[in-house]
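Trainee: Please read through the structure below; I'll follow up with questions.
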Amino acid sequence: MKLFLAEPFASRWSDVDSFDAAFSLTGEVYREMGDRCTTRFEFDGKAYFVKTHAGVGFGEILKNLLYLRIPVLGAENEYRAIGKLQELGVDTMMPVAFGRQGSNPANEKSFLITEALEPTEPLDEYCNPQVLAAMGATERRALVRRLAKISRTLHDSGVNHRDYYLCHFLLDTSASFVDVPASQRPIYVIDLHRMQIRHRTPRRWREKDLSALYYSANRAGFDRRDALCFIREYKQQSLRQALDEGKDIWSSVRLAADKLHDKGVRKGYHA
């Protein structure tokens, strides 16, 4: 068994079973997918999110292995991913409680509690053609470079997200930042439960992350010049060198993004 409790949970749960307490928390359910549930709740007057994992079962494990994917068994992967991002200086969630119990990987129970990042707004909702135009070229490019720097930091450190869409970047909209440009505010990377950590990021996983980001950025209103600015910052090279040396990669990213767009149209997510 593994267990980590920070305050106020360390004190309030000192005489109870932490797993029973975590799985009994109630509030607004944000997502429920079989074994996994994400709930916003309030505790001692402060907002938190709890993710509970009740065990994926052998069927889900076998399905992932058949597709040569490492199955996500519980909350520990996200807990470790948060620690890695904090180590890299990338803004993300703050964990306050984590637990895992059970020796059978198909039936292990786990939970993760993080402080609620509020008030924030996903970048795919904050950004639209009107907002981006109002920013002006200087601020818009600064925001693009910020996203490129985050992406470079992750990928050059052996980290890939696997769901790297703009909706998983939360922009701080606190009153203290109301007069601060978006590019200079905290931007939190979230939804890390599928994140992979290695010594180096394989090309296919870089491309998967970048194509998801490119697809969602296009949907939000970023254009070709923004993409070129991103490439230059991501590669830390002149644009000519970055395009010449990485033409195969950027071509693959664009094609994968086009497929994501077609999939979205086919499933009715957008026109």
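What follows draws every value from the coordinates through simple rules; no lab data is involved. These figures come from a predicted structure and were not determined experimentally. As a convention, Cβ positions derive from the backbone with ideal geometry for all residues, glycine included, and neighbour counts pool all protein chains shown.
Trainee: With the chain treated as a Gaussian network of Cα nodes joined by springs under 10 Å, which of 91, 244, 258 yields the largest mean-square fluctuation?
Mentor: 244
Trainee: When the chain is fully extended, how far beyond the present Cα-Cα distance does residue 116 get from residue 224, taking 0.36 nm per residue of separation? Provide the component values of the computation, followed by the final result.
Mentor: Numbers: separation 108, 0.36 × 108 = 38.88 nm, distance 3.45 nm.
The residue 116-residue 224 span can extend by a further 35.4 nm.
Trainee: What number comes out for the charge environment of residue 161, summing +1 per Lys or Arg and -1 per Asp or Glu over other residues with Cβ under 9 Å away?
Mentor: Charge balance in the 9 Å sphere: 0.
Trainee: If the reach is capped at under 17 angstrom between alpha carbons, list the lysines near residue 84, excluding any in the same chain fewer than eight residues apart.
Mentor: 149
Trainee: May I pose another question? For segment 160-271, what log10 I(q)/I(0) values come out of the Debye formula at q = 0.15 1/Å, with one point per alpha carbon and no solvent?
Mentor: Summing over Cα pairs of segment 160-271 leads to -0.79.
Trainee: Here's something else I'd like to know. May I ask you to list the aspartates and glutamates whose Cα is less than 17 Å away from that of residue 267, ignoring any residue fewer than eight positions away on the same chain?
Mentor: 258
Trainee: May I ask for the angle, rounded to the nearest 10°, between helix 137-156 and the longest principal axis of the chain, with both axes built from Cα atoms and the value confined to 0 to 90°?
Mentor: Around 50 degrees separate the two axes.
Trainee: Also, quick follow-up: Can you tell me which lysines have their Cα less than 27 Å from the Cα of residue 263? Leave out same-chain residues fewer than eight positions away.
Mentor: 63, 208, 247
Trainee: Please state the equivalent ellipsoid semi-axes for the chain: what are the square roots of 5 times the Cα gyration tensor eigenvalues, largest first, in whole Å?
Mentor: Values: eigenvalues 230, 106, 57 Å².
Working from the Cα gyration tensor, I get semi-axes of 34, 23, 17 Å.
Trainee: Ranked from highest to lowest mean number of other Cβ atoms within 10 Å per residue, what is the order of the peptides 114-120, 15-21? Intermediate values should be presented prior to the final figure.
Mentor: Details: 114-120: 15.9, 15-21: 13.1.
Ranked from most to least packed, the peptides come out as 114-120, 15-21.
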